Structure formats: structure tokens, C-alpha cells
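Every number here is computed from the coordinates shown, using simple stated rules; none is lab data. What you are looking at is a predicted structure, and each value in this text was computed from that prediction instead of being measured. Cβ sites come from the backbone with ideal geometry, for glycine too, and all protein chains shown count toward neighbours.
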Amino acid sequence: MHVDRRVLEIDLKITHVVSPSTPLRFDLHSASGPQAGFYFPLFPLSPMASNVNIVRGTHEELVAFLVLNLWPSHFGLPLLLSVIVFSKKVHRHPTFLNLCAGFIFIGIASCLLLYAGKTTGPEPSKELCLFQASILYAFPPFASLLALMLILQMFLVVRASARKELNNVSHNGRTWAMLITPYIALIVGIVATIFVGVNNPDAVSRSRRFFYCSVQSDPLSGTVAVVCAVFLLATVILEIWTLVILFKTYKLRKGALELNLPIRVLAFGLYVVIALSISVLSVTTPDSPIPDLVIACAATFIILIFGTQKDILRALCFWRKDPDLKFNSLSSTPGMEAGRILTNNSKV
């Protein structure tokens, strides 16, 4: 088609915009009428384009997400750890300390965009976004293993007590393995996410997950889901096994058992299984902001479940003169007959 440049008056008109992923329609008009039309894509026509803002949250939900990560990671959990470390009357197994430290780290990582002032507005830099995404994509396996190790420790204590095994064997190697394993999963998850993000920089964005940065990759999301499912299944099996042992021992000893801490640990384990299951589903098919808010409550649940034990509260109220009580590494009650299933072998 030949168009006389001396006569043609170009008038660009946007005729329709269906969605952010739909290209714009431009028409050329002259005095004699429309001459030609063409499309210009506003965004790259790729599968990722249609997934912008998959999680649609509100400002109030963003504030709630940040508060749920800020207060426990910057105040609640550090205070709980300080009480356990510095109080001579409070003792906990290293797997519990590891759990607290891990959720402090995750809470800080969840607030990286807040520190940089990039929770809203223009997208953060690719480097910052990928750094946060790499940590938070490794979070589900990391948190699953932290909870699994705590449940495993409880199971070993309960089983050893039920078998009346003597607590005269050192288990330092096993303890170190339980402490290190979650961080191996964390490092592997971070490296894998960085590798995917570096090779697909367009897949890295904040807009897709709303609260934090993410990397869109079906293989990566699928792998995270499968790994977490394995860890969560192991947690459920150990919880059921522990409950069976406790029930049998409870019947044999006619109710003379201290079940305060086991119930707390098992309750937290159940919450983690439910919350992380929802979280894993949201990673693979994100839509609602609710899963992210549910998992953001995990650190608060740790404080409410374990920070309200009697020895912790006594240590916090240090100005009160209470009788000196000796506590062990797992139980929050004195080592009396009613609680020997946990007190005699608490460091197994």
C-alpha cells in the first residue's frame, strides 16, 4: 500500500485494552479514512505476563503481614531466647533454640523490602528482589525441618522414657546433625532459587506475590512442594507415634504423667503441618493472601505456645520471690514422680 506522505495526517488511537497482557491497537488515519493498523505489546507476550499480581492483597493486609513478621523477629523471639540463654533456671534442648533462631532469620528476611522502602511503588532492584526471593523460597523446607527436628527430639525423649532407658550416653553427634540439617536445606534452596533467577531475570518480581519478591518457575515451585510434603509427612508420622506412646504410658501409669510440654510441642507441630501445607499450595498456585498471613503467624504461635510456660514466666518476673525450682531441658515442671517420663531422660 502506497501512502502519500504530503497528504497523510497520522492520528494514533488506542482502540482497546483488555488486560495488562493484551497488546495495544494503534490505527493510522488520514483525511480519506483509516489506512492501516498495527499492534504494539505493552508487556512482553509471555506466560509470565498474565500472572502479574496473582496475589491481590490490600494495604491493611500488607501492614498485618509486616507486623506479624516484625514484632516476633525483632522483639518476641529474641526476648524468649535471652531468657533461656541467660536464666539459670530455664533450660531447653538446642533444637528449640534452633527453631527460635530460624524464625528470627525468616522474619528479618520477610522485612527486607520494608528496610529498603520498597514494599509499595516501583519494583525493587533485581538484586534485592532475588535475594529476598531466594531466602523465602527456601523457607518452607527450612521451617519444615526445624519443626521436624523438634518433634523428633520429643519423640526420642518419650520413647526412651517409655522404654526406661538410662540417660548415660552422649548424643552430641545426633544433636549436631539435627541442628545443621535445616540449614543445609536452606542453603540448597537459596542456591537453586538464585540460579533460576539469574537465568530468568524477567521471572523475578514483587508484583506476583504482593507481600514479597518471588521467582516464577514451575519446576522450582514443584520441587519445593514435593520436598515439603516429604518433611511434613514425616512430622505427622512422628506426632502420631509419640501420641500412641504417651497414651500407652498414660494408661500404664494411671494418669501419673506430666503432659504439659508434649502437648505444646505436638500442638505446634500440628499448626506447622497445616500452615506449611497451605503455604506450599500457595507457592504452586498463588491466589489469596491468606496463606502468607497464616504462615506469618508461626513466630507468634511459638511465643504464645512456649513462652507462656511457668519457668519462662517466672524468669521474666524476676522481681517476684518464688521458691527455687529446678527445671530440665524439655519439661516446664519439677522432676517429680508425675513427670518422670520427661524429666529422667530429658536430654536423650
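I'd like the Karplus ³J(HN,Hα) series for the range 59-76: coefficients 6.51, -1.76, 1.60, θ = phi - 60°, whole numbers in Hz, and an x wherever there's a Gly or Pro.
Each residue of the range 59-76 in turn: 4, 5, 5, 5, 4, 4, 4, 5, 5, 5, 8, 6, 5, x, 6, 9, 9, x Hz.
Return TRP241, TRP319, TRP176 ranked ascending by Cβ neighbour count within 10 Å, so the fewest neighbours appear first. Mind dumping the intermediate values first?
Numbers: TRP241 14, TRP319 5, TRP176 11.
Ranking TRP241, TRP319, TRP176 by Cβ neighbours within 10 Å, fewest first, gives TRP319, TRP176, TRP241.
Of THR95, THR175, how do they rank once you tally other Cβ atoms within 10 Å and put the fewest first?
Numbers: THR95 22, THR175 17.
Fewest to most other Cβ atoms nearby, the residues stand as THR175, THR95.
With a sphere of radius 12 Å drawn around the Cβ of ILE194, what net charge do the other residues whose Cβ falls strictly inside it have (Lys, Arg +1; Asp, Glu -1)? Mind showing how you got there, number by number?
Values: positive: LYS126; negative: GLU127.
So the surrounding residues net to 0.
Counting other beta carbons within 10 Å of each residue's own, what order do LYS118, LYS164 fall into, fewest first? Before the final figure, lay out the partial values.
Values: LYS118 18, LYS164 10.
Taking fewest neighbouring Cβ atoms as first place, the list is LYS164, LYS118.
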